[in-house]
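Have a look at the structure below, then the notes.
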Amino acid sequence: MQLDFIDWSIIFGFFAISLVIGAVVSRQAGKSSADFFLSGRNMPWWLLGFSMVATTFAADTPGLVTNIVRENGVAGNWVWWAFLLTGMLTVFVYAKLWRRSGITTDLEFYELRYSGKPAAFLRGFRALYLGVFFNIIIMANVSLAAIKIGHVMLGLDPAETIVIAATVAVIFSAMGGLKGVLLTDFLLFIIAMVGSIGAAIVALQQADIGGMAKLITHPNVQDKMAMLPPFDLSTDASRDLLITLLVIPLSVQWWSVWYPGAEPGGGGYIAQRMLAAKDEKHAIGATLFFNVAHYALRPWPWIIVALASLVVFPDNASLQLAYPDMPADQVKGDLAYPAMLAFLPHGLLGLVVASLIAAFMSTISTHLNWGSSYIVNDFYQRFVRPDAGQKELVRVGRISTVLMMVFAGILALFLRDAYQGFEILLQIGAGTGLLFILRWFWWRINPYSEIVAMVVSFVVALWAAFAAPEDMPSWLKLIAGVGITTVAWIVATLVTPADDEEKLRSFYRLVHPGGWGWKRVLDKAAADGAPLPTDGNSHIGLGVACMLVGCVGVYSALFATGYFLYGQTTNAIILTVVAVVAAGFLATMWSKITAGDNSTPGQKPNIVED
């Protein structure tokens, strides 16, 4: 694929703007760790929302969606569409709780909620487990996509791609901190959306396709178009497909699995954005915008390109024929997305290459900033150098940024396809999700609960990867992981000591979680003459109702777009009306949803070292 002057001009123009933004905000970002990791806690909802969407607009996501569609059709996307339920629960129940906490990272939650040395151990260990180990796996998966895109579009070998991409991402991330990431993400999202829509339009214009109407009638595509898997239980294959694509994601996966960007109860870089918001109302608005844009706005341009690729490259053998220099074990369905970009005209080609670079930079910069925040705040400052100055903390953050990118780049050279990394992350997080949901609302959960959940889920993931029967379906492995891990942490909760009473009360005073799970703590505090406030999050029922309405609205908008593209106008109009009604309900409930908003940031918790 040859880029000409206009393509390179667009690409370098994008780099120049990104680096200028990083340079402008670098001085402020270097003042303190709070500025570097949370932008001073005064960010508006729209900027945080755009950043969340841009971060999940990763370079590997179009390839992952293409891989899914080529193997299991459009309905295969339920493996990630189901996480909308998690996202909406975060919007209407957890966003305000995170913002009230006033902490710097979500791992600081452990010593806010739990007491003693187990809480300190949990915080420090998860800082390395998530911030380093898990984070490197995520970035390696994104870097694998960059390797394939670099080979197809620029003729680079894997090592060249990693060196170039990693260098650019590290320079950008280390300069501007979170504010640099947020400001550039706004630009990155716009470029990435324009690029993906342009790629879909050009794909439909190919001579072998001839527009949307002809695409949906092509024999290679017709059995891939359904947005729901067939409800067919007549054969083992069809039953497994229904269970894998729809039943498990909607009934088990969304609440039971920890996955980056869709953590049950919030967490990770989503929590980082909520903690950086001006107040609770901005935290809620940011997460609502993110979920609407992530699930209803973005998928269809990728899906169209994926369907079109089935006409141009009907199987992996045709991809290997087109790119003989690509190692055979890396020629998977995700390669079809960059392969389809070879047909783009100059100008648009440069814009799409810039959009893919933007997607890569947005995701990597977020994960580098998020991961280094764990290393600095939850490990280095907490356990290594408690008296470290702000300049030293920022310096450690920048050094850890470089090292994490180096290890992620090395790991990327050993991965093979996007779906491989997706399944690894799902299996490792299986069974921990319910714990993350309930720990805000059930006083009895303690640090031992989380330690056991983390250890057991990882051991079960190793079993699933190396010791499980080869013919065991992936959904059954997931169920096994969820069941074993959930039983293990519930038993650990009930047989280990409860947390310190004063710690539970201080957490409740700060966050006001509400709910029946705190009744015992409230009753005992009242009996001791120190009643706790009960006017905090008193609208849990309303929050759950809004979550369900929000899911109906977003899914309706998602499917309405699909039906419009498929030419099924009646279905599209009906679902559009449903989406509008759902949006109207949420608008009328907005004042109640955001009731209790406090514009003053939460107080920094007093964490006592043991």
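Values as computed for the structure displayed
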quantity: Computed FRET value (nearest 0.05) for Ile216 with Val24, which takes r as the C-beta separation and R₀ as 60 Å; calculated: 0.80
quantity: Estimated dipole of the chain in Debye, rounded to 20 [Cβ of Lys and Arg +1, of Asp and Glu -1, Cα centre]; calculated: 1600 debye
quantity: Ordering of 94-103, 484-493, 221-230 by burial proxy (mean other Cβ atoms within 10 Å per residue, highest first); calculated: 94-103, 484-493, 221-230
quantity: All Cα pairs of the range 405-517, percent lying beyond 26 Å; calculated: 36 percent
quantity: Ranked packing of 323-332, 72-81, most packed first, by mean Cβ within 10 Å; calculated: 72-81, 323-332
quantity: Accessible surface of the range 426-519 [probe 1.4 Å, protein heavy atoms]: carbon and sulfur percent; calculated: 73 percent
quantity: Fully extended contour minus Cα-Cα distance, from Ile17 to Ile164, at 0.36 nm per residue; calculated: 51.1 nm
quantity: Quotient of C-alpha Rg and 2.2 N^0.38 Å, computed over the range 501-543; calculated: 1.10
quantity: Protection proxy ranking of 141-154, 447-460 - average other beta-carbon atoms within 10 Å, highest first; calculated: 141-154, 447-460
quantity: For the range 141-285, projected area of the alpha-carbon convex hull averaged over all directions, nm²; calculated: 13.6 nm²
quantity: The range 205-288: radius of gyration over Cα atoms, expressed as a fraction of 2.2 N^0.38 Å; calculated: 1.70
quantity: Angstrom value of the Kirkwood radius, inverse mean 1/r, which spans all Cα pairs in the range 530-587; calculated: 12.9 Å
quantity: Globularity index of the range 436-490, i.e. its alpha-carbon radius of gyration over 2.2 N^0.38 Å; calculated: 1.28
quantity: Options Leu245, His282, Pro264, ranked by Cα towards positive dipole end of the range 179-286, top entry (Cβ charges); calculated: His282
quantity: Square roots of five times the Cα gyration tensor eigenvalues for the range 101-166, Å; calculated: 39, 11, 7
quantity: P(r) histogram, all alpha-carbon pairs of the chain included - 10 Å bins from 0, percent; calculated: 3, 17, 28, 28, 17, 6, 1, 0
quantity: Zone of Ser251's modelled label, taken as backbone nitrogen in the range 427-448 under 19 Å from a point 7 Å along Cα→Cβ; calculated: 430-434
quantity: On Cα atoms only, tilt of 299-312 relative to the major axis of the chain in degrees; calculated: 30 degrees
quantity: Å² per residue, accessible surface of the range 505-547 at 1.4 Å; calculated: 48 Å²
quantity: Options Leu542, Gly333, Leu215, ranked by Cα towards positive dipole end of the chain, top entry (Cβ charges); calculated: Leu542
quantity: Inter-label distance for Val194 and Asp500, nm, one decimal - labels placed 7 Å from Cα along Cα-to-Cβ; calculated: 5.5 nm
quantity: Ratio Rg/Rh [Cα only; Rh per Kirkwood] for the range 284-397; calculated: 1.16
quantity: Share of pairwise Cα separations in the range 60-112, more than 17 Å, in percent; calculated: 57 percent
quantity: Translational diffusion of the range 450-576, µm² s⁻¹ [Kirkwood Rh, Cα pairs; Stokes-Einstein; 10 °C; 1.306 mPa s]; calculated: 82 µm²/s
quantity: Accessible solvent surface per residue of the range 68-157, calculated while the other protein chains remain in place, 1.4 angstrom probe, Å²; calculated: 18 Å²
quantity: Ellipsoid equivalent to the range 471-522 - semi-axes via the Cα gyration tensor, in Å; calculated: 34, 14, 8
quantity: Assigned charges on the beta-carbon of Lys, Arg, Asp, Glu; the range 188-330 dipole about Cα centre (debye); calculated: 560 debye
quantity: Neighbour cut-off at most 11 other Cβ (10 Å), DSSP loop, trypsin sites (Lys or Arg not before Pro), the range 486-537; calculated: none
quantity: ³J(HN,Hα), Karplus 6.51/-1.76/1.60, whole Hz, each residue of the range 358-363, x for Gly, Pro; calculated: 4, 4, 4, 5, 4, 5
quantity: Accessible solvent surface per residue of the range 308-360, calculated while the other protein chains remain in place, 1.4 angstrom probe, Å²; calculated: 33 Å²
quantity: For q = 0.22, 0.23, 0.30, 0.33 Å⁻¹, Debye-computed log10 I/I(0) when each Cα of the range 270-317 counts as one equal scatterer; calculated: -0.76, -0.79, -1.00, -1.07
quantity: The chain - mean residue ellipticity at 222 nm from DSSP helices (-39,500 (n - 2.57) per run, n ≥ 4, rounded to 500); calculated: -21000 deg cm²/dmol
quantity: Listed residue (Phe466, Gly13, Gly49) projecting farthest to the positive dipole end of the chain, Cβ model; calculated: Gly49
quantity: Sulfur and carbon atoms: percent of accessible area, the range 88-191 [1.4 Å]; calculated: 80 percent
quantity: Diffusion constant of the range 289-340 at 37 °C, which comes from Stokes-Einstein with the Kirkwood Cα-pair radius and 0.692 mPa s, µm²/s; calculated: 270 µm²/s
quantity: Computed lengthening from Val406 to Thr570, 0.36 nm per intervening residue step minus Cα-Cα distance; calculated: 53.8 nm
quantity: Label point 7 Å beyond Cα of Asp523 along Cβ direction - residues of the range 427-454 with amide nitrogen under 18 Å; calculated: 441-445
quantity: Estimated translational D of the range 116-216 in µm²/s (Stokes, Kirkwood radius over Cα pairs; 25 °C; 0.890 mPa s); calculated: 142 µm²/s
quantity: Paramagnetic reach from Ile540 (point 7 Å along Cα→Cβ, amide N under 18 Å) across the range 502-520; calculated: 504-520
quantity: Cross-link pairs beyond the 19 Å C-alpha cut-off, checked among Lys148/Lys332; Lys148/Lys224; Lys117/Lys503; calculated: Lys148/Lys224
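The values are calculated or read from the model by the stated rules, or taken from the named source; none is laboratory data. Not measured: the values here are computed from a predicted model. No Cβ is skipped: glycine too gets one built from the backbone with ideal geometry, and neighbour counts run over all protein chains shown. Just the protein is used for accessible areas: all its heavy atoms, side chains included, with ligands, DNA and RNA removed. Shrake-Rupley method; radii C 1.70, N 1.55, O 1.52, S 1.80 Å.
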